[in-house]
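In what follows, a single structure is set out as structure tokens and then discussed.
The values are calculated or read from the model by the stated rules, or taken from the named source; none is laboratory data. If you're wondering where the values come from, they're calculated on a predicted model, not measured in any experiment. When we count neighbours, we look across all protein chains shown, and the Cβ atoms used for this are built from the backbone with ideal geometry, even at glycine. SASA here: full protein model, heavy atoms, side chains in, ligands and nucleic acids out. Shrake-Rupley method; radii C 1.70, N 1.55, O 1.52, S 1.80 Å.
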Amino acid sequence: MKRPLIQFLTIILIGSLLIAGCKKDESDPPNSFKYNEKESLIGTVFAGNLGEVSTGSYGYYVYFLENTLTVQYVNSGPDEITGTGDYMMIAMVSSDSTGLKPGEYTYSSSETTFNPNTFGYESGLLIDYDGSTDLYSGLMLFNGGKITVSKNGDDYTFNLSISTTVNSTITGFYKGKIAIYGFGIGKKSGVKTNPFAFPTKKL
């Protein structure tokens, strides 16, 4: 009687280890974006709602900040960035006035027509951005790629594959909550006529 019991417990133990190993393999990748041979761990993600930028199309700035950068808030809204690190802003267009609608977003360079499920006009990545001086060591602008957005409850998931004008590719993954603030054209974004000008100054 003891041997069958021992064999049964051994099978259960091996099965549990195999299941645990599978779960570990299926875990999400880190929240980060990669370019060239560098991986930047994401510390903060938030978005600014620019309102309706063309009929039925709503603009959003989505900010992905390396964890070496810190957002300072005033009156419960983002006011400036401190620290030094990589700072990526993606201008995205959704058909939803309250947030980014799940789906696949493709690159568009249009300056006049902003269609839902597109991204990219004057978006880019500031390399080694210094919040105290607004200076940075490099700039990557986008010229292609896609972003897949999904949502489960309040959690967004972003999968990024973006090509740049310097013949490189930015890949990335983010899963988590995203605070969305009402920026409005010409206010926090610093934009008066073009809702998707790349912000090289503090928010």
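For this structure, a couple of remarks:
- In the stretch 36-107, the GluC sites (Glu not before Pro) that fall in loop regions by DSSP, at most 12 other Cβ within 10 Å: Glu37
- A cut-off under 14 angstrom between Cβ atoms defines the neighbours of Ser137, and their net charge, with Lys, Arg +1 and Asp, Glu -1, is -4.
- Within the shell of other residues whose beta carbon sits under 13 angstrom from the beta carbon of Asp128, the net charge comes to -3, with Lys and Arg scored +1 and Asp and Glu -1.
- Heavy atoms of Tyr136: accessible area, 1.4 Å probe, square angstrom to 10: 80 Å²
- For a label point 7 Å along the Cα-to-beta-carbon line of Asp28, residues of the stretch 87-113 with backbone N under 20 Å: 88-90, 99-105
- Here the stretch 24-176 exposes an accessible surface that is 43 percent carbon and sulfur, computed with a 1.4 Å probe and the other protein chains kept in place.
- Stokes-Einstein diffusion of the stretch 35-176 at 37 °C, 0.692 mPa s viscosity, Kirkwood radius from Cα pairs, rounded to a whole number: 212 µm²/s.
- Percent of Cα pairs exceeding the 16 Å cut-off, where the set is the stretch 65-113: 62 percent
- Surrounding net charge for Thr148, when Lys and Arg each add one and Asp and Glu each subtract one, Cβ distance under 15 Å: +1
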